[in-house]
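Below is one structure, written out as structure tokens, with a few remarks after it.
Taken together, the values in this text are just the output of simple stated rules run on the coordinates, not laboratory data. None of the values given here were measured: they were computed from a predicted structure. So basically every Cβ, Gly included, is an ideal-geometry build from the backbone, and we count neighbours across all protein chains shown.
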């Protein structure tokens, strides 16, 4: 799979209309539910990593990803700055504690890639540390994959103009206003630095088993469908998604109970 670059994203891509979006979304969500059930039966595990520009739509995409899944087996991990205790640990340690268990899907809203993105650009990590992190991350993901965990990595990219439009929308919408912070404006002022860091991340951490998927996100409907399609294909490849056959003994017992209940209901009628 070719290594992506931000300049390659076709930000004009969009779906024809809302019906096309809703129909495709419903089909993908049902497929995700089928995949989750197969993972539960087979004890499989998977991780989905979302990175991207501020206001690129990660949160709304994650809601569409998880809305039909059993929340007991789909863990959403919003990742912010490490707390005081985590700052005293190796930066990957807090992610080890959030790995998926038997039959689980773990979704990371930002991830260990903060080391080579925000920590690099904001000079929160020394150059020697973030440069070494590329190799550490590749090895970390290789260990996960060798341990049977599928890893899917998606980067949502938007244009500066669309980001500014979304800033304004959040400012004018009371229930979205809380999402807008001074950090968003500071990060925007370093757009070029983040572009360089992101392209370096793609080049140094996109592997055959855990490639980066770049998704154009100026149009949210397009971004959601493209991302969910990537996830469905990645999670379902080589997996038996057929539901288990009906247990004949269980079916016989239930039908017997149903007949008994019906007889009781008729007996109660005047």
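Here the scattering of region 26-152 is modelled by Debye summation over its C-alpha atoms, one equal scatterer each and no solvent; at q = 0.16 Å⁻¹ the log10 of I(q)/I(0) is -0.86. Listing 105, 117, 185 from fewest to most neighbouring C-beta atoms within 10 Å gives 185, 117, 105. Shape of region 1-86 from the C-alpha gyration tensor: oblate (a/c of 1.5 or more and a/b not above b/c, with a ≥ b ≥ c the square roots of its eigenvalues).
To make sure I understand, if each residue's beta carbon is the centre and we count other beta carbons within 10 Å, what order do 208, 120, 170 fall in, fewest to most?
Ascending number of Cβ neighbours within 10 Å: 208, 170, 120.
Sort out for me the Cα centre separation of region 144-171 from region 10-82, rounded to whole Å. When both Cα centres are located, 12 Å separates them.
Relative to the longest principal axis of the Cα atoms of the chain, the long axis of helix 220-236 lies at roughly 70 degrees. Using only Cα atoms and rounding to the nearest 10 degrees, what angle (0 to 90) does helix 18-42 make with the longest principal axis of the chain? Helix 18-42 sits roughly 70 degrees off the main axis of the chain.
Straightening the chain between residue 17 and residue 63 buys 14.5 nm, computed as 0.36 nm per residue apart minus the Cα-Cα spacing. Compute the FRET efficiency between residue 40 and residue 85 as 1/(1 + (r/R0)^6), taking r as their Cβ-Cβ distance and R0 = 30 Å, and round to the nearest 0.05. About 0.40, to the nearest 0.05.
With neighbour counts taken as other beta-carbon atoms within 10 Å, the residues 1, 201 rank, fewest first, as 1, 201.
Structure remark: mean-square fluctuation, Gaussian network model of the chain, C-alpha springs under 10 Å; the largest value among 157, 249, 209 belongs to 249. Per the Debye calculation on region 112-220 with a single equal scatterer at every Cα and no solvent contribution, log₁₀ I(q)/I(0) for q = 0.18 Å⁻¹ amounts to -1.00.
With a simple spin-label model that places each label point 7 Å from the Cα along the Cα-to-Cβ direction, the separation between residue 142 and residue 190 comes to 3.0 nm. Please check: in the Gaussian network model of the chain (C-alpha springs, under 10 Å), which one of 138, 258, 118 has the largest mean-square fluctuation. Evaluated over the chain, the most mobile residue of the options is 258. Estimated at 0.36 nm per residue, the fully extended path between residue 134 and residue 172 surpasses their Cα-Cα distance by 9.7 nm. Helical runs assigned H by DSSP (4 residues or longer) give the chain a calculated mean residue ellipticity at 222 nm of -16500 deg cm²/dmol, each run adding -39500 (n - 2.57) before division by the residue total.
Does anything in region 94-134 have its amide N under 16 Å from the 7 Å Cα→Cβ label point of residue 72, and if so which residues? Inside the label zone: 101-105. Computed over the chain with a Gaussian network model linking Cα atoms closer than 10 Å, the most mobile of 66, 12, 236 is 12.
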